[in-house]
Amino acid sequence: MTTTKKITLAILALIILIVLYGWTSYNSLVSAKEAATAQWQQVETQYQRRLDLIPNLVASVQGIMKQEQTVFAALANARAHYSVAQTQDDRAVAAGQVETALGRLLAVVENYPTLKSSDTVQNLMTQLEGTENRVSVERQRYNDDVEAYEVAIKRFPRSVIASWFGFSDMQYFQADQGAAEAPKVNL
């Protein structure tokens with residue numbers, strides 16, 4: 001075999017390796033982005049479950065507590081904001097409003113022993129607590145998937161392929177400002 005043929009075969013083999021690397025890198029980036037997008041849909045599913053439970057909780061509690069209309073109004077308002085939110089960021093903000101209103105409602109329920117002992121309210125509170133845990137888990141999974149995607153598009157040499165094909169940053173879920181503070185309930 002001549003030197004020219006060896007060089008040609010080596011160059012051809014290198015080109016094939018580069019193309020294969022580009023192909024597999026592109027496909028893995030698509031998979032990582034789709035995983036994060038699908039996980040956000042899981043977050044949205046849990047938000048919807050929460051929003052479906054709220055009217056039942058509110059109806060049960062309202063029957064026992066007529067005087068706490070401001071809490072119920074805030075909860076209904078927050079729920080309405082979520083249903084009209086268009087973007088992922090808007091929905092995350094609206095979900096934070098729902099959480100704040102729910103925190104106030106939970107504090108009210110804790111302060112009324114007869115309300116707390118109602119089987120209907122207790123069952124709905126348990127379901128709501130479970131839903132909040134699910135939301136938290138799904139948000140964490142979403143952030144984990146976003147982290148994996150972000151690392152994939154920023155590591156060299158995949159970062160070059162990511163920029164060629166327009167893979168852009170995804171936003172992590174972040175709690176609303178002040179979410180770490182417990183809601184204040186004025187009874």
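The values are calculated or read from the model by the stated rules, or taken from the named source; none is laboratory data. Bear in mind that the values here come from a model prediction, so they are computed numbers and not experimental data. Cβ coordinates were reconstructed from backbone atoms using ideal geometry, including for glycine residues, and neighbour counts include every protein chain displayed.
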Options Ala101, Ala78, Ala85, Ala74: the member that is at pLDDT 75 or above and either on the phi > 0 side of the Ramachandran plot or more than 22 Å from the chain's Cα centre (by Cα) (or both): Ala74
All-but-one check, Arg139 against (1) touching a residue at least 40 places away in the same chain (Cβ under 8 Å); (2) surrounded by fewer than 17 Cβ atoms within 10 Å (Cβ to Cβ); (3) charged (D, E, K, R), failing number (2)
Ser136: within 16 Å of the chain's Cα centre (by Cα), under 20 Å from Val58 (Cβ atoms), at pLDDT 75 or above and of a type outside the set (Lys, Arg), yes or no? no
Which one is modelled with the lowest pLDDT among residues in the range 46-55 that are over 12 Å from the mean Cα position of the chain (by Cα) and surrounded by 15 or more Cβ atoms within 10 Å (Cβ to Cβ)? Ile54
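Here is a yes/no grid of residues against (1) loosely packed, with under 11 Cβ neighbours inside 10 Å; (2) at pLDDT below 80; (3) more than 20 Å from Ala152 (Cβ to Cβ):
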{"residue": "Leu20", "(1), (2), (3)": "yes, no, no"}
{"residue": "Thr24", "(1), (2), (3)": "no, no, no"}
{"residue": "Ala36", "(1), (2), (3)": "no, no, no"}
{"residue": "Glu44", "(1), (2), (3)": "no, no, yes"}
{"residue": "Val58", "(1), (2), (3)": "no, yes, yes"}
{"residue": "Asp90", "(1), (2), (3)": "no, no, yes"}
Exactly one of Val43, Val19 is more than 15 Å from Ala162 (Cβ to Cβ), touching a residue at least 12 places away in the same chain (Cβ under 8 Å), of a type in the set (A, V, I, L, M, F, W, C) and in a helix (DSSP H, G or I), and that one is Val43
Residues (free of Cβ contacts under 8 Å to residues at least 24 places away in the same chain and either outside any helix (DSSP H, G or I) or among the charged types (D, E, K, R) (or both)) located in the range 22-40: Glu34
